[in-house]
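Input: a single structure, listed below in structure tokens.
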Amino acid sequence: MPTTLFNSSDISLWESILDQYPDALSHHVASKKDNSLLKLDEWYQTTLPAVLATRSPVYMTSKELCQLMSWKLKRGKFRPNLLKLAESNSDADVKRVSEEAFKLIPTGLRAAITKMAELKGVGPATASAILCSGAPSEVPFMADETMASVPGLGPIAYTIPYYIRFAAKVIEKAKELEERGSAKVTSPHLVEMALWSEYILDKYSVPRKVQSSPIKNSQEAPNKVTPDTQKQMKSKAVGSKRQAEPTSNDCAPEKRAKTITPTQSRTTRRA
């Protein structure tokens with residue numbers, strides 16, 4: 001299901017759709033008829049990041065991995081075998097691998113995702129969910145709905161190269177929105193949350209509460225020259241010229257220079 005949000009630079013649009021994430025989640029939960037997803041999502045979005053932020057170095061426990069897997073499967077496509085595989089990892093292995101993966105984030109997402117995927121039942125998508133929970137400002141989560149909302153990626157593939165292409169686009173969009181002055185959509189994780197929200201809102205035909213700004217492009221000229229303005233400028237120029245012409249017949253007629261008037265207004269570049 002293609003969406004239009006990713007190609008937009010309208011900050012008010014992005015922020016409005018992100019604000020509707022709870023609404024989108026509620027409709028999604030209602031369709032699945034499983035209210036446990038509401039508490040799991042609150043845990044993943046709020047509680048888990050706060051807990052991980054207190055750890056130095058950052059790591060994840062086996063219990064947290066299994067709870068994260070439960071959240072991921074209930075929010076997306078349910079694959080029971082993945083949960084069983086995740087539960088088969090020892091707590092020591094989960095702590096060790098996750099700690100090493102979090103440390104690798106500054107060197108590149110490919111290395112971090114590859115390390116995290118060493119655990120049983122953890123592929124690129126789950127690995128991105130784990131790393132995102134501890135580094136939301138650097139790592140976006142690889143959700144099906146979000147991947148489908150990013151143009152130019154081709155058919156969805158659950159591979160590391162595909163994730164790297166997806167992450168690069170999401171990270172770039174987050175930087176763009178922050179540079180344009182967004183106070184809400186300021187991280188890759190928030191970008192993918194907004195994209196997920198738009199996908200779900202469209203899927204269930206939920207009305208949007210969008211408040212688009214009058215000027216969507218911050219580089220648009222505030223004093224744009226219109227055709228009416230051009231006519232006024234020409235009229236003033238002709239009047240000024242007549243006042244400057246000699247009125248006495250004693251003056252010998254001079255050959256007038258050809259007057260060149262503007263034929264089109266100066267326009268500004270749109271990003």
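Here, each number is a calculation from the coordinates, and none is a lab measurement. Keep in mind the model is a prediction, meaning the values are calculated, not measured. Backbone-built Cβ (ideal geometry, glycine too); neighbour counts: all protein chains shown.
Numbers for the structure displayed
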| item | result |
| --- | --- |
| Three-way shape call for region 38-147 based on the alpha-carbon gyration tensor, with the a/c threshold at 1.5 | rounded |
| Length gained when the stretch E42-R110 is fully extended (0.36 nm per residue, less Cα-Cα span) | 21.7 nm |
| Centroid-to-centroid separation of region 11-41 and region 83-110 [C-alpha atoms, Å] | 28 |
| Shape call, region 6-54: gyration tensor on alpha carbons, a/c limit 1.5 | oblate |
| Over 31 Å (Cα to Cα) - which of K33/K175; K77/K115; K63/K115; K120/K203 fall in this group | K33/K175; K120/K203 |
| Listed peptides 133-144, 104-115, 199-210 by packing density, highest first (mean Cβ within 10 Å) | 133-144, 104-115, 199-210 |
| Ranked S9, S70, S88, S187, criterion: other C-beta atoms within 10 Å, fewest first | S88, S9, S70, S187 |
| Stretch gain in nm, segment A157-S90, where the contour uses 0.36 nm per residue and the Cα spacing is subtracted | 21.3 nm |
